[in-house]
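Reading through the structure tokens given below for one structure.
Any read-out appearing in this document is the output of simple, stated calculations on the displayed coordinates, not a laboratory observation. The model shown is predicted, which means the values in this text are computed figures rather than measured ones. As a convention, Cβ positions derive from the backbone with ideal geometry for all residues, glycine included, and neighbour counts pool all protein chains shown.
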Amino acid sequence: MSVADIFEERAAFSFEVFPPKTDVGMEKLCGAGGVLEQLYTLNPDYISCTYGAGGTNVGKNLEVLDKIQKDGKCTPVTHFTCIGNTREGIKEQLENYLAHGIDHMLALRGDLPFGWTGTGGDLHYATELVKFVRKEFGDKFTIAVAGSPEGHIACRSLEADIGFLKQKQDEGADYIMTQLCWDMDQFKYWLEAIRNAGIWMPVDVGIMPILDQAATINMALSRNGCVMPRKLCEIISKNWIFPSPFSVGLKTAKGDEACFDADIEGKKASFKEAGIEYTINQIDEYRACGIDGIHLYALNKYEDVARIVKESGIVDL
């Protein structure tokens, strides 16, 4: 059953993982008893796997997806970008995915590598990628596309962004996987706006567990420009690691510890506990909106995301 078919019957539940850069990381994720096998016990409908930055690490991406495909516990979904790709290269890579039994993809422009002003390839936008895949492969792929409830940071307006999302639908996309969004009022506005614009695709909401101060701030601001609601800011502020959570583990020019906070580990633990509670509450709010699925960024971890899944009641275990 395709993911699109699942949405016809019920809300979906899924994870996102990333391809590790090292053999040790790959063993931890894909080895016997590793994170993937642990995630299967939570009964996800699918697991998606990202590329590295700028469309790199494709080999590891395929290795992770091969593991998911061969295990047969859920559907593997590959992220796929326009970065540095020619039309011939895209066709060849997608034929290879099909040969490996991987027929679900998230079609993306992709984050531009530092210093780049364009994709460096033949296609420049996800709309073009969706159109190309449908032309070359027909219905062989189930295609997800990204949706940005706050508007893509590179787009001139939220209205324009919704217009491009409608274009992705018109070109043959099957469902939406949203970028993270903590601003629930904005999400509700966006959800109503896309429906009013004639976008009927199911909405699978991307959620990043709040587990680490620096990672939360980095994810919000470095690529996405996300609004951080007052409640989330309070959690960060109350557990702030001085002088900065980004200083942990760094040295000054003199070789001294850059971070002088006396209670680093205590604040990390307190932040994680509050962050998990915040994530669970946000899942409740999303589900109350009538969304079509929860796509949880597993961050290549099990224990913390398993707790979130169980305590939020996403699935019956």
(request) Find which of ALA154, ILE314, THR142 sits farthest along the positive direction of the dipole of the chain, computed with +1 on the beta-carbon of Lys and Arg, -1 on that of Asp and Glu, about the Cα centre. (result) ALA154
(message) Taking the 0 to 90 degree range and rounding to the nearest ten, how far is the long axis of helix 58-71 tilted relative to the main principal axis of the chain, both from C-alpha atoms?
(response) 80
(request) Over 28 Å between C-alpha atoms is what I'm after, so list which of LYS168/LYS188; LYS21/LYS140; LYS67/LYS267; LYS188/LYS231; LYS73/LYS188; LYS21/LYS168 land there. (result) LYS21/LYS140; LYS67/LYS267; LYS73/LYS188; LYS21/LYS168
(request) Kindly express, to the nearest 10 degrees and within the range 0 to 90, the angle between helix 264-288's C-alpha long axis and the longest C-alpha principal axis of the chain. (result) 40
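Might you report the magnitude of the Cβ-based charge dipole of the stretch 155-272 about its Cα centre, with Lys and Arg at +1 and Asp and Glu at -1, to the nearest 20 debye?
Numbers: 14 positive and 16 negative charges, 43 e Å.
I would put it at about 200 debye.
Once you have the Kirkwood Rh of the stretch 211-260 from its Cα pairs, apply Stokes-Einstein at 10 °C and 1.306 mPa s and quote D in µm²/s.
For these conditions, the coefficient is 132 µm²/s.
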(message) Rounded to the nearest 20 debye, what is the charge dipole size of the stretch 69-196 about its Cα centre when +1 sits on each Lys and Arg Cβ and -1 on each Asp and Glu Cβ?
(response) 160
(request) Return the calculated 222 nm mean residue ellipticity for the chain, to the nearest 500 deg cm²/dmol, obtained by summing -39500 (n - 2.57) across DSSP H runs with n ≥ 4 and dividing by the residue count. (result) -13500 deg cm²/dmol
(request) Starting from the amide H of LEU106, placed 1.01 Å from N in the peptide plane, find each other amide H under 5 Å away whose residue is 5 or more places distant or on another chain. (result) THR78, HIS79, PHE80, ALA144
(request) List, in order, the whole-Hz ³J(HN,Hα) value for each residue of the stretch 226-243 obtained from phi through the Karplus relation with A = 6.51, B = -1.76, C = 1.60 and θ = phi - 60°; use x for Gly and Pro. (result) 7, 6, 10, x, 3, 4, 5, 4, 5, 4, 5, 5, 5, 10, 4, 9, 7, x
(request) Could you pull out the chymotrypsin sites (Phe, Trp or Tyr not before Pro) across the stretch 215-260 that fall in loop regions by DSSP (anything but H, G, I, E, B) with no more than 12 other Cβ atoms inside 10 Å? (result) PHE260
(request) Please give the direction-averaged projected area of the C-alpha convex hull for the chain, in square nanometres with one decimal. (result) 17.0
(message) Suppose we flag trypsin sites (Lys or Arg not before Pro) only when DSSP calls them loop and at most 11 other Cβ atoms lie within 10 Å. Which is the longest uninterrupted stretch of the chain?
(response) 11-155
(request) Calculate how steeply helix 158-171 sits against the longest principal axis of the alpha-carbon atoms of the chain, using the helix alpha-carbon long axis, and give the answer as 0 to 90 degrees to the nearest 10. (result) 40
(message) I need the phi-derived Karplus couplings for the stretch 96-105: 6.51 cos²θ - 1.76 cosθ + 1.60, θ = phi - 60°, integer Hz, Gly and Pro marked x.
(response) 5, 4, 4, 4, 8, x, 9, 10, 10, 9
(request) Output the direction-averaged projected area (hull surface divided by four) of the convex hull of the alpha-carbon atoms of the stretch 68-125, in nm². (result) 4.4
(message) Please give the charge dipole size of the chain, origin at the Cα centre, charges +1 on K and R Cβ atoms and -1 on D and E Cβ atoms. Round to the nearest 20 debye.
(response) 520
(request) Calculate I(q)/I(0) for the stretch 1-137 by the Debye formula, one identical point scatterer on each C-alpha and no solvent, and give its log10 at q = 0.09 Å⁻¹ to two decimals. (result) -0.28
(message) Which residue, VAL35, TYR297, PRO20, has the largest displacement toward the positive end of the dipole of the chain when charges sit on each Cβ (Lys, Arg +1; Asp, Glu -1)?
(response) PRO20
(message) Tell me which of GLY255, ASN281, PRO243 sits at the most positive position along the dipole axis of the stretch 218-317, charges placed on C-beta atoms (Lys, Arg +1; Asp, Glu -1).
(response) GLY255
(request) Compute the semi-axes of the equivalent ellipsoid of the stretch 163-274, taking the square root of 5 times each eigenvalue of the Cα gyration tensor, and list them largest first in whole Å. (result) 38, 15, 11
